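Accompanying notes for the structure given below.
The values are calculated or read from the model by the stated rules, or taken from the named source; none is laboratory data. From a predicted model like this one, the values you see are computed outputs, not experimental measurements. Here the Cβ is made from the backbone with ideal geometry for all residues, glycine too, and neighbour counts use every protein chain on show.
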Amino acid sequence: MMTSIFIKLNKLNREEYRIKAIVSGFLIIFILLLDLHRFGAWFLGYRTYIKSYWVPVMLFVGYPVLKYALAGLIQYLAANKMFKTLHFAMFFIAALPFSFWNPYVLQIFAWGGRPWYELNYLSSGPEFYIGLAWIIPTTLIYMAIAWVVDRFNLL
């Protein structure tokens, strides 16, 4: 599946897709500059609570920009015959979901004990940043374990 995604991005005609990416980028800038993403937000103390439907809206609007940028990166790597880098990136993305087995990474999410007005699914405070800091090392450790198992035929 990951290989098919890379092949589709490598075959993407970036000149035809460029207009969609520019319009999407301007929409994101427009939404952020006018603070439209805070529509429906409310303030309590020192925090702002943003309605949870804005996250998928921003992801949907930003998808063409992300696709355009990833297609450019993959086409650059393929044109310069940097296949080991492509393989490493593919393996890293495939191992990334397994980093959530680390209990420090799971601290990113706010699991229970939230007040009724707290619609935030992510923790706030140092637990969030500690969890983010552990995502990349955990993924690299899983990649190293998989490499050792594959290299020495342990399974």
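Quick look at the numbers
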| read-out | value |
| --- | --- |
| Set I145, I93, I74, I136: member being of a type in the set (V, I, T) and more than 29 Å from R14 (Cβ to Cβ) | I145 |
| Of all residues in region 1-40 being of a type in the set (G, A, S) and more than 14 Å from P64 (Cα to Cα), the one that is farthest from the chain's Cα centre (by Cα) | G40 |
| Residue, farthest from the chain's Cα centre (by Cα), within region 91-114, restricted to residues that are outside any helix (DSSP H, G or I) and small (G, A, S) | G113 |
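Residues checked against (1) assigned to a helix (DSSP H, G or I); (2) among the acidic types (D, E); (3) modelled with pLDDT of 90 or more:
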site	(1), (2), (3)
T48	no, no, no
S52	no, no, no
G62	yes, no, yes
L66	yes, no, yes
A71	yes, no, yes
Q75	yes, no, yes
T85	yes, no, no
A89	yes, no, no
